[in-house]
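Novice: Right, I'll just put the structure down here and ask away after.
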Amino acid sequence: MAGFKTLDDAGDVTGKVALVRVDLNLPMDGGRVTDDTRVRASAPTILELSRKGAKVLLLAHFGRPKGQRSSTQSLSMVIDAVQDVLGKEVMFVPEVAGPVVEQTVGILRNGDIAILENTRFWPGEEANDPEFAKAIAANGDLFVNDAFSAAHRAHATTEGLTHLLPSYAGRSMQAELEALEKALGNPEKPVAAVVGGAKVSSKLAVLKHLVDKVDHLIIGGGMANTFLAARGVDVGKSLCEHELAPTCEEILDAADAAGCTVHLPYDVVVAKEFAANPPSMRICNVHEVAADEMILDVGPQAVEALGDVLKTCRTLVWNGPLGAFETSPFDAATVALAKTAAALSKEGSLVSVAGGGDTVAALNHAGAAADFTYISTAGGAFLEWMEGRVLPGVAALEA
Ligand code: ADP
Ligand code: MG
């Protein structure tokens with residue numbers, strides 16, 4: 001991607017009103033926030049603007065209220081969590097535009113922070129209505145987007161505002177874009193990609209894009225079964241999308257033509273029932289899977305070989321677990337390869353970037369997340385980026 005403007009380009013913001021798009025779509029249970037990771041991600045941006053004397057108005061969506069007010073999806077519910085993370089008092093404004101916001105701006109002192117109401121209460125948000133964006137922009141002097149996770153949507157507060165106000169990437173957005181650029185935009189070679197997870201169908205576009213970009217494509221998880229089946233392996237009762245065999249052939253041919261080596265497992269962990277530590281569990285060659293068995297993880301020999309592949313690489317991008325990692329011991333391959341990648345990253349020989357909801361959970365479970373170069377918490381936006389798509393919220397920030 002081309003360059004983009006950051007907070008370093010915003011000049012003196014003292015007394016200016018900064019409209020800051022953040023991700024406050026926090027997981028809740030019984031009215032309480034259960035995970036404040038997303039708030040912590042944007043805290044540096046919010047606090048930097050506050051410290052520099054801006055009046056900070058936070059913009060975010062919450063849930064899917066479909067263009068109308070909904071008492072169960074008000075951003076007033078996240079105020080406590082945001083105050084806890086920021087260590088500062090935060091005001092709540094039950095509007096995103098109009099006189100109430102204008103009055104709030106009037107009483108805010110430099111450095112004060114307020115959260116505006118859920119942007120998706122208004123249909124103009126998802127419709128990217130220019131009039132709606134104009135009404136929001138009327139109360140701001142600059143726009144800062146710190147929500148990479150929402151950047152795959154062209155909405156009023158991710159895209160529309162950039163046409164109306166000087167716009168900058170926040171620190172979290174900046175870190176994400178820099179990491180993604182290092183991983184696939186302009187990576188140090190050789191590059192490896194791990195693509196796992198349940199289904200080929202959900203990641204077809206990712207696989208097609210990656211074969212042209214990476215030197216090694218490591219396929220694991222349920223999707224490996226579909227590739228193995230396409231190659232004539234009998235995968236028994238495994239999760240498998242048999243109808244996608246021709247698509248898998250195409251991807252394998254494209255990889256061949258592009259000089260990308262595709263790694264499929266040659267030993268696997270199988271069981272007759274899907275449960276923790278099932279008595280029927282065994283390790284076998286992919287050609288020895290019985291009709292009543294299912295493949296639930298990549299085998300130990302294949303994992304060791306994959307670790308050796310990573311040792312020859314300088315860059316790794318990872319989406320999707322290698323096995324059904326939620327159920328022990330089918331987490332073994334994911335944990336082992338994640339630990340190898342983490343160790344290589346820690347010693348500085350590998351730039352490793354990972355993303356995806358289950359992937360982040362799996363890397364945390366492996367105790368490997370902290371040593372990865374960068375972990376993206378953006379689900380949909382990360383996948384669209386891996387598909388090589390232009391994200392409208394990112395494109396809008398390009399200088
Ligand atoms: P992400 O959320 O990181 O993008 P996915 O949602 O694509 O990842 O895939 C994660 C799911 O894939 C996990 O729930 C995992 O249990 C499942 N999975 C991985 N390998 C297998 C397998 N061999 N059989 C069945 N499910 C699998
Ligand atoms: Mg998932």
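Novice: What percentage of the solvent-accessible surface of the chain, computed with a 1.4 Å probe over protein heavy atoms, is contributed by carbon and sulfur atoms?
Specialist: Carbon and sulfur together cover 50 percent of it.
Novice: Charges at C-beta only: +1 for Lys and Arg, -1 for Asp and Glu. How large is the resulting dipole of the chain about its Cα centre, in Debye rounded to 20?
Specialist: Working: 33 positive and 51 negative charges, 152 e Å.
Using Cβ point charges on Lys, Arg, Asp and Glu, the chain gives about 720 debye.
Novice: For the chain, report the accessible area per residue in Å² (1.4 Å probe, heavy atoms, rounded to an integer). Numbers along the way, then the final one.
Specialist: On the way: 16250 Å² over 399 residues.
On a per-residue basis, the chain sits at 41 Å².
Novice: If you average the sequence gap of Cα pairs under 8 Å that are 6 or more apart and divide by the length of region 272-326, what percent do you get for the contact order?
Specialist: 33 percent.
Novice: To the nearest 10 square angstrom, how much accessible area does V56 have with a 1.4 angstrom probe?
Specialist: Estimated to the nearest 10 Å², V56 gives 0 Å².
Novice: Can you give me the relative contact order of region 7-171 as a percent, contacts being Cα pairs under 8 Å and 6 or more apart?
Specialist: Details: 340 pairs, mean separation 49.5, N = 165.
30 percent.
Novice: Now, a different point. Among DSSP beta bridges lying fully in the chain, give the percent that are antiparallel, nearest 5. Mind showing how you got there, number by number?
Specialist: On the way: 11 of 49 bridges.
Antiparallel bridges make up about 20 percent of those DSSP assigns within the chain.
Novice: Work out from phi, with θ = phi - 60° and the Karplus expression 6.51 cos²θ - 1.76 cosθ + 1.60, the ³J(HN,Hα) of each residue of region 204-219, listed in order in whole Hz, and give x for Gly and Pro.
Specialist: 4, 5, 5, 4, 5, 5, 5, 4, 7, 10, 10, 8, 10, 10, 9, 10
Novice: Shifting gears a bit: Considering only A362, G323, F274, whose Cα is most displaced toward the positive end of the charge dipole of region 187-386, charges sitting on Cβ of Lys, Arg (+1) and Asp, Glu (-1)?
Specialist: A362
Novice: Kindly flag which residue pairs out of K5/K88; K203/K339; K182/K346; K311/K339; K88/K134 have an alpha-carbon separation exceeding 20 Å in this structure.
Specialist: Details: K5/K88 27 Å; K203/K339 24 Å; K182/K346 16 Å; K311/K339 12 Å; K88/K134 29 Å.
From the list (K5/K88; K203/K339; K182/K346; K311/K339; K88/K134), the Cα-Cα distance tops 20 Å for K5/K88; K203/K339; K88/K134.
Novice: Can you run phi through the Karplus equation (6.51, -1.76, 1.60; θ = phi - 60°) for region 100-115 and list ³J(HN,Hα) in whole Hz, with x for Gly and Pro?
Specialist: My calculation for region 100-115 gives 5, 5, 4, 4, 4, 4, x, 9, 5, 8, 4, x, 6, 10, 9, 9 Hz in order.
Novice: I need the GluC sites (Glu not before Pro) found in region 168-273, filtered to DSSP loop residues with at most 16 other beta carbons within 10 Å of theirs.
Specialist: Within region 168-273, the qualifying GluC sites (Glu not before Pro) (loop, at most 16 other Cβ atoms within 10 Å) are E188, E273.
Novice: Still on this structure, I have one more. 222 nm [θ] for the chain, helices only, -39500 (n - 2.57) per DSSP H run of 4+, per residue, to 500?
Specialist: When only DSSP H runs of four or more count, the value is -9500 deg cm²/dmol.
Novice: Using alpha-carbon pairs under 8 Å, 6+ residues apart, how would you state the relative contact order of region 78-196 in percent?
Specialist: Averaging sequence separation for qualifying contacts and normalising by length gives 19 percent for region 78-196.
The values are calculated or read from the model by the stated rules, or taken from the named source; none is laboratory data. Everything numeric here is computed off the predicted structure, so don't read it as measured data. Here the Cβ is made from the backbone with ideal geometry for all residues, glycine too, and neighbour counts use every protein chain on show. For accessibility, only protein heavy atoms count, side chains too; no ligands or nucleic acids. Shrake-Rupley method; radii C 1.70, N 1.55, O 1.52, S 1.80 Å.
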